[in-house]
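Data block below; observations after.
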Amino acid sequence: MVIDVRSPTVVKLARYSAASIAGVSVGVPVLAIGYGVLGWNELVANLVSVTLGAIPNYLINRYWTWHQTGKNRLWGEVVPFWVMSVLGMILSLIAVNYADHRWGTTLAVVIAQLSGFAAVWLAKFLVLDRVMWRIVHDLHPDVAIDEAEAGLIGALRRDGHDGEPATPDQPPRPTNLARNPRQ
């Protein structure tokens with residue numbers, strides 16, 4: 001089996017990996033300093049670390065991996081991303097708590113955090129790429145993701161409301177000429 005390194009999925013996976021490395025590059029030092037140097041509780045240090053690491057991860061993935069521009073869509077992008085991040089955080093919180101009680105070293109806590117996120121990492125990519133963005137393209141193959149409100153919820157709501165054009169199978173919306181009685 002030969003893998004085409006130029007395929008869109010491989011390119012996206014490489015970019016997704018780079019974004020994850022950027023998030024880890026922010027989060028792990030915060031965890032190590034918070035837990036190992038400042039003496040924070042392992043759960044607090046992990047929570048702060050995950051939150052700070054998720055910010056560059058989200059932004060890099062949004063703009064570079066999936067080429068999203070325009071405004072961030074709460075239900076179409078932000079919520080699905082953070083739900084997946086919270087799942088990773090829950091696993092890492094369990095792992096970090098165990099590592100702290102079992103070994104009590106900064107290295108063990110860092111490895112535990114990375115292990116918790118590694119368990120969710122590939123699933124997150126598959127959900128974002130193969131489910132959420134694929135559904136958008138399946139529903140509107142000729143429409144750019146931003147035009148489809150950049151996410152599953154937005155793609156399902158292209159009904160001619162909120163200023164976006166109606167899909168071709170919908171009847172035209174009646175116009176109300178008496179919108180502004182002061183004219």
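What the table below lists for this structure:
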| quantity | calculated |
| --- | --- |
| Wholly enclosed helices (runs of 4 or more DSSP H) of region 38-129 bearing at least 1 residues among the charged types (D, E, K, R) and farther than 29 Å from Arg6 by Cα | 42-60, 79-102 |
| Residue list for region 109-123, restricted to those being of a type in the set (Val, Ile, Thr) and more than 20 Å from Ile33 (Cβ to Cβ) | Val120 |
| Qualifying residue in region 77-88 (condition: modelled with pLDDT of 90 or more, closer than 18 Å to Gly23 by Cα and either under 22 Å from the mean Cα position of the chain (by Cα) or not hydroxyl-bearing (Ser, Thr, Tyr) (or both)) | no |
| Pick from region 106-148, criterion at pLDDT below 55 and aliphatic (A, V, I, L, M), ranking: nearest to Ala18 (Cα to Cα) | Ile145 |
| Residue match in region 39-52 (condition: loosely packed, with under 12 Cβ neighbours inside 10 Å and out of contact with any helix residue (DSSP H, G or I) (no Cβ under 6 Å at 6 or more places or on another chain)) | yes |
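The values are calculated or read from the model by the stated rules, or taken from the named source; none is laboratory data. Since this is a predicted model, take the numbers as computed values, not measurements. Because the Cβ atoms are built from the backbone with ideal geometry, glycine has one as well, and the counts that use them run over all protein chains shown.
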